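Trainee: This is the structure, below, for whatever I ask next.
The values are calculated or read from the model by the stated rules, or taken from the named source; none is laboratory data. Just so we're clear, the structure is a prediction, and the values are computed from it rather than from any experiment. Cβ placement follows ideal geometry from the backbone for every residue including glycine, while neighbour counts extend to all protein chains displayed. Side chains included, ligands, DNA and RNA excluded: accessible areas come from the protein's heavy atoms. Shrake-Rupley method; radii C 1.70, N 1.55, O 1.52, S 1.80 Å.
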Amino acid sequence: MQVACPSLAPDSAFVSGVLGYVDCEAQALGLGGWQGMTGAGSANTLILSGMLTIFIALIGYRMLLGETPTLREGVVAMVKIGIVIALATSWNAFRTVAYDVAMHGPAELASQIGGPSGLPGAGGGLIERLQGIDNELIELNTLGTGKPLDADVIAGPTAVPLNAQQQQQQIQDLQRRAQRPKWDPANDAKLLASARTYYLTGVIAAFASVRIVTGLLLALGPLFILFLLFDGTRGFFEGWVRGLVGAALGALATAIVLGVELALLEPWLAVILAERRIDNPTPAVPVELMVVMLAFGLTLIATLVAVAWVARGFRMPAAWRVLPARIAEVVTPQVPRLMAPVAANQSAGDDQRSRAIAVSDAVAATQRRESGSPAASLAQSGRQVTAQALSREIIVAAPVPLGQSFRRRTRGRISSGASRRDGGR
């Protein structure tokens, strides 16, 4: 569905025409881009089919290799597939989750924030009030600032020849005017034109940048949503979310800053124009207006940079790990996991296996001992005795130190004959 946006006419209101056209084109870009990306035969549809096939095939290969997914991993996979299919194929789901939040959410937040504080344009009509400021600047450029009292108009040199008396009179006039303030209407007109230039540039650039970026990211949304399936490509999806959040916050910040600018300029310009309509001079207005417009332009840039840094703080993995866990607890509150991975709890499995083997061996030995034959019992007893004998500790004599194997005699040897002879005596 193609939306026809109003074109900008040369004699129409410039600010409201440009901002209205930019807003219309941004919304049409987001809507038409999504429809083009998800239409029949589009490249995004083929990519979706291919990525879903690869995602399911990887789960099957893991199961073939013995790595059975846990219940939580299964729930996470199903949630991923459901989110991707819903957001990439259903406009109602995408519009509720992304389009309305990014396109219309900033205006609602601006009304809730700026309404209680009384900011102009917070409740609506911001573009029309910005156009009113531009109309007042155009009128001020037409009326000018007026000639200040006791000031001389700066004029260029004249080429008319002068006689001696006229030259003397001119010298006296110049000396007298040197003590009076000077007024240059051309310089004032230039400053007023610069102030309007800064105003238009800041307003249009800030508004158009956030709206066009929002529309472009929404148009590419179905493609970036597909990257949510795989861990390696999830960073692209995070970047898309960060950009979308940053653009939405930028639109909110732009509306707030422009509301503050309107609160300052509307009463001030009203007083200035009232003075000029009765031909009262306002010599200080050009410089002051230029400074105010330049300051608010720089403020808009600083605000957009700040919200961009805020959007960078978004991290998907932490939130993504919590959501599937909660869903798994709700879906299966008391159902145990299907099967733990082989590598997990391997030591506990080994301990349980060794205990089971020991118990089974003891039961088998008891059955054989109770129901076996006498020979078998005797053989069993013999094996037990042999095992006990082999298991006994064998006592080994301590080694004799060298040189102490034979004792040295300390008395002389006495023969038997000598003993009888000594006995006969």
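Trainee: Order Phe236, Phe314 by their accessible area, 1.4 angstrom probe, all chains in place, largest first.
Mentor: Numbers: Phe236 115, Phe314 65 Å².
So, going from the largest accessible area down, we get Phe236, Phe314.
Trainee: Please give the FRET efficiency for Val79 paired with Ser42, using the beta carbon to beta carbon distance and R0 = 35 Å, rounded to the nearest 0.05. Mind showing how you got there, number by number?
Mentor: Values: r = 25 Å, r/R0 = 0.72.
E(calc), rounded to 0.05, equals 0.90.
Trainee: With θ taken as phi - 60° and the coefficients 6.51, -1.76 and 1.60, list the Karplus ³J(HN,Hα) couplings across region 246-258 in order, rounded to whole Hz; mark glycine and proline as x.
Mentor: x, 5, 5, 5, x, 5, 5, 5, 4, 4, 5, 5, 5
Trainee: What full-extension length gain, to one decimal in nm, is calculated for Ile113 and Ala308 as 0.36 nm per residue of separation minus the Cα-Cα distance? Provide the component values of the computation, followed by the final result.
Mentor: Details: separation 195, 0.36 × 195 = 70.20 nm, distance 1.97 nm.
Result: 68.2 nm gained on full extension.
Trainee: Oh, and also: What nm value, rounded to one decimal, do you get for the distance between Ala274 and Ile204 when each label is placed 7 Å out toward the C-beta?
Mentor: So the label points at Ala274 and Ile204 sit 3.2 nm apart.
Trainee: First measure r as the distance between the Cβ atoms of Thr68 and Thr89, then evaluate 1/(1 + (r/R0)^6) with R0 = 25 Å and state the FRET efficiency to the nearest 0.05.
Mentor: Working: r = 30 Å, r/R0 = 1.21.
The calculated FRET efficiency here is 0.25.
Trainee: Leaving out ligands and nucleic acids, note down the accessible area per residue over region 229-309 with a 1.4 angstrom probe, in whole Å².
Mentor: Working: 3610 Å² over 81 residues.
The answer is 45 Å² per residue.
Trainee: If you take the beta carbon distance between Glu139 and Val260 as r and set R0 to 22 Å, what does 1/(1 + (r/R0)^6) give as a FRET efficiency, to the nearest 0.05?
Mentor: Efficiency, rounded to the nearest 0.05: 0.45.
Trainee: As an exercise, find the ratio Rg/Rh for region 46-113 from alpha-carbon atoms, using the Kirkwood inverse-distance average for Rh.
Mentor: On the way: Rg = 17.8 Å, Rh = 14.6 Å.
Rg/Rh for region 46-113 comes to 1.22.
Trainee: Just to be sure I follow: if Rg is taken over the C-alpha atoms of region 198-261 and Rh is the Kirkwood radius over the same atoms, what is Rg/Rh? Don't skip to the end; give the middle numbers.
Mentor: Values: Rg = 14.7 Å, Rh = 12.9 Å.
On the Cα set of region 198-261, Rg over Rh gives 1.14.
Trainee: Still on this structure: How would you rank 41-48, 200-207, 17-24, highest first, on the average number of other Cβ atoms within 10 Å across their residues? Don't jump to the answer; show the numbers that get you there.
Mentor: Numbers: 41-48: 14.2, 200-207: 20.2, 17-24: 17.6.
The packing order, highest mean first, is 200-207, 17-24, 41-48.
Trainee: I need the peptides 132-138, 112-118 ranked by packing, meaning the mean over residues of other C-beta atoms within 10 angstrom, with the highest value on top.
Mentor: Those peptides, ordered most packed to least, come out 132-138, 112-118.
Trainee: Residue separation times 0.36 nm, minus the C-alpha to C-alpha distance between Ala186 and Thr366: what's the value?
Mentor: 53.0 nm is the gain from fully extending Ala186 to Thr366.
Trainee: Hey, another quick one. Find how much the distance from Leu216 to Ala193 grows on full extension, using 0.36 nm per residue of separation minus their present alpha carbon separation; answer in nm with one decimal.
Mentor: Numbers: separation 23, 0.36 × 23 = 8.28 nm, distance 3.35 nm.
Gain on stretching Leu216 to Ala193: 4.9 nm.
Trainee: Please identify which residues in region 55-96 have an amide N closer than 17 Å to a label point set 7 Å out from the Cα of His104, following the Cα→Cβ vector.
Mentor: It comes to 91-96, nothing else.
Trainee: Starting at the first residue of region 4-21, write each ³J(HN,Hα) from the Karplus equation 6.51 cos²θ - 1.76 cosθ + 1.60 with θ = phi - 60°, in whole Hz, x for Gly and Pro.
Mentor: For region 4-21, the Karplus-derived couplings read 8, 8, x, 7, 8, 8, x, 9, 8, 5, 6, 5, 5, x, 5, 5, x, 5 Hz, x marking Gly and Pro.
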